[in-house]
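Only one structure is covered here, and it is reproduced in the block below.
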Amino acid sequence: MSQTSSTPNSGAERDSALRNLPAVDEILRQPSILELNELHSHPKILGWVRQAVARVRQSILDGQVPTAGSFVPTIVDTVSELVRDDSRRGLQPVINATGILLHTNLGRAPLAAKAVRHMSQVANYTNLELDLSSGKRSRRGARACELLAELAGADDAVVVNNCAASTILVLQAIAAGREVIISRGQLVEIGGGFRLPEVFEAAGVTLREIGTTNRTYLRDYEHALGEHTGAIIRVHRSNFSQSGFVTEPDTRELVCLKRPSDVPVIDDLGSGLVTDLRPVGIHEPTVQDSLRAGADLCLFSGDKLFGGPQCGIIVGKTAWIERVRKHPLMRALRTDKLTLAALEATAEIHLSGKAFDELPLYKMLATPIEVVRARCEALVARIPAHKATRIGVEACVSQIGGGSLPGVEVPSFAVCIAPDSSEVLARLLRQSAPAVLARQSESQVLLDLRTVAEEQLDSLDSRIRDSLERARAE
Ligand SMILES: *Cc1c(COP(=O)(O)O)cnc(C)c1O
């Protein structure tokens, strides 16, 4: 009989087991390992085999594996596991059952079908920098910028890789070597360690902090304005909220400050709402509001509430946009044809008033709660009952996420599963294909179906059943 897990092996058994470990060459000759050559390079396979042998060796030393019999099947299985882990590291579709609509780790806004089509249409050769009427060179992204300017009610627009890039570019192009005035209440970390004071430093401007964390008055701005001032920036609190004893001037008040003509008011809006969300009960100022209030430049992300691809959008007055566009950094931050294609399509959807019909983000927000509940009930009905696992439907709250609308809660429903171990079930769901991302508490796995499209339900259903079966076997 072979010895198993908890019993420590005797020194002699361990030594003999270690002598029995097959050579790497022997593993490389196994049929299932030879098959890997179809898809993977030899050095990579060799690396996996060495790693698998080392793992089994360690298990022997730890007394965790039988010391008798052949180790070949165990090592081959370990190699398959390593190959699977490796392939999971590539980008792949994910079913988002977290209920977080803009999940930065899951790629933020899902794109409209039209945007995806447009991206694939231009994936090969396209007139990226060519005017087909004249045959002359044209400006990259000119069409997308026209649409964005029209949408925002701005003179002009510029697009870069993300909103962080737009902040750095704008500050550098407009206020390098000078002071930029900002309220202490807005000196935030946006996420991923992106802290505004460091952004200012990277952009080569001097931070001129004014006011206090909770209260900044117009007179604080007035006192700070001087010959060294390069710009006034207002940063939207898009990833946290403050309430209570709080004051800060709004954009209109800042614009009315007496200031030299070369000191613009910059509104860093972050989440960038362009189609009003009031129909779903969300009150949030729009990009259009900010420009109407007189902001010289507005910055926002393409993949937050705009519902498009990752990019940073800068809209505003001609003279300022021209300065930004001509800055040498622009060349380093410019977007590619795929982003621009998705952006054109998304802007067109907003312009035609079809956001609630065509943008997945808007559709998810507008899905009536009864529909989400019915989805949950239909899904639960398809999962076979099992005495050891309680499965039910519960009310929950979806979040916007992605550093947008921090205080806003969207009522929703979730399928909740109470397995032996929520940790194990969540892991198996995550490791299935397509991967399923759920919310996990100590005793439950929650699948919020507001963020799961109708057409993903079949796939979700089989992933859940499969994972439950595996979880019970583990
Ligand atoms: C999210 C956010 C950013 C950063 O946007 P990215 O597109 O992620 O670079 C900048 N400013 C504000 C106010 C934000 O909310």
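The values are calculated or read from the model by the stated rules, or taken from the named source; none is laboratory data. Model, not experiment: these values are computed from the prediction. Every residue, glycine among them, receives a Cβ derived from its backbone with ideal geometry; neighbour counts consider all protein chains shown. Heads up: the accessible areas ignore ligands, DNA and RNA and are worked out on the full protein's heavy atoms, side chains in. Shrake-Rupley method; radii C 1.70, N 1.55, O 1.52, S 1.80 Å.
Scan the range 346-360 and tell me whether some residue there is within 30 Å of residue 300 (Cβ to Cβ), within 24 Å of the chain's Cα centre (by Cα), within 16 Å of the ligand (Cβ to nearest atom) and not in a helix (DSSP H, G or I). No, the conditions are met nowhere in the range 346-360. Looking across the range 379-406, the residues that are surrounded by 13 or more Cβ atoms within 10 Å (Cβ to Cβ) and of a type in the set (Gly, Ala, Ser) come down to 392, 398, 401, 402, 403, 404.
Considering only residues in the range 270-289 that are out of contact with any Lys or Arg (no Cβ under 9 Å at 6 or more places or on another chain) and not in a loop (DSSP other than H, G, I, E, B), the one that is most open to solvent (accessible area, probe 1.4 Å) turns out to be 278. Exactly one residue out of 361, 297, 343 is open to solvent by less than 10 Å² (accessible area, probe 1.4 Å) and either of a type in the set (Lys, Arg) or more than 26 Å from residue 118 (Cβ to Cβ) (or both), and it is 297. Answer yes or no as to whether residue 134 is surrounded by 21 or more Cβ atoms within 10 Å (Cβ to Cβ) and of a type in the set (Gly, Ala, Ser). No.
When the strands (runs of 3 or more DSSP E) confined to the range 139-257 are screened for residues that are open to solvent by less than 40 Å² (accessible area, probe 1.4 Å) and in contact (Cβ under 8 Å) with a residue 60 or more places away in the chain, those reaching at least 1 such residues are found at 156-160, 179-183, 229-235. Within the range 442-461, does at least one residue satisfy the condition of being touching a Leu at 6+ places or on another chain (Cβ under 8 Å), open to solvent by 40 Å² or more (accessible area, probe 1.4 Å) and among the acidic types (Asp, Glu)? Taking every residue of the range 442-461 in turn, none turns out to be touching a Leu at 6+ places or on another chain (Cβ under 8 Å), open to solvent by 40 Å² or more (accessible area, probe 1.4 Å) and among the acidic types (Asp, Glu). Taken as a whole, the range 303-318 holds at least one residue that is surrounded by fewer than 19 Cβ atoms within 10 Å (Cβ to Cβ), more than 15 Å from the ligand (Cβ to nearest atom) and over 21 Å from the mean Cα position of the chain (by Cα).
Condition check ((1) over 38 Å from the mean Cα position of the chain (by Cα); (2) free of Cβ contacts under 8 Å to residues at least 40 places away in the same chain; (3) in a helix (DSSP H, G or I)) across all residues:
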{"site": "50", "(1), (2), (3)": "no, yes, yes"}
{"site": "56", "(1), (2), (3)": "no, yes, yes"}
{"site": "75", "(1), (2), (3)": "no, no, yes"}
{"site": "80", "(1), (2), (3)": "no, no, yes"}
{"site": "108", "(1), (2), (3)": "no, no, no"}
{"site": "116", "(1), (2), (3)": "no, no, yes"}
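Applying the criterion of being without any contact (Cβ under 8 Å) to a residue 24 or more places away in the chain and not in a helix (DSSP H, G or I) to the residues of the range 13-36, the residue that is nearest to residue 65 (Cα to Cα) is 23. Scanning the range 229-246 for residues that are in contact with a Gly (Cβ under 9 Å, 6 or more places away or on another chain), modelled with pLDDT of 85 or more and either over 20 Å from residue 196 (Cα atoms) or more than 16 Å from the ligand (Cβ to nearest atom) (or both) turns up just one, 230.
Every residue, every condition in (1) over 20 Å from the mean Cα position of the chain (by Cα); (2) of a type in the set (D, E, K, R), yes or no:
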| residue | (1), (2) |
| --- | --- |
| 429 | no, no |
| 436 | no, no |
| 439 | no, yes |
| 442 | yes, yes |
| 445 | yes, no |
| 451 | no, no |
| 456 | no, no |
| 468 | yes, no |
| 471 | yes, no |
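Looking at 422, 352 in this structure, which one is open to solvent by less than 50 Å² (accessible area, probe 1.4 Å) and among the small types (Gly, Ala, Ser)? Exactly one of 422, 352 is open to solvent by less than 50 Å² (accessible area, probe 1.4 Å) and among the small types (Gly, Ala, Ser), namely 422. Scanning the range 82-106 for residues that are assigned to a loop (DSSP other than H, G, I, E, B) and touching a strand residue (DSSP E or B) at 6+ places or on another chain (Cβ under 7 Å), we see that the one that is most open to solvent (accessible area, probe 1.4 Å) is 92. In the range 440-451, is there at least one residue being within 23 Å of residue 88 (Cα to Cα), at pLDDT 95 or above and hydroxyl-bearing (Ser, Thr, Tyr)? Yes, because at least one residue in the range 440-451 is within 23 Å of residue 88 (Cα to Cα), at pLDDT 95 or above and hydroxyl-bearing (Ser, Thr, Tyr). Every listed requirement among (1) open to solvent by less than 20 Å² (accessible area, probe 1.4 Å); (2) within 16 Å of the ligand (Cβ to nearest atom); (3) of a type outside the set (A, V, I, L, M, F, W, C) is met by residue 334 save one, (1).
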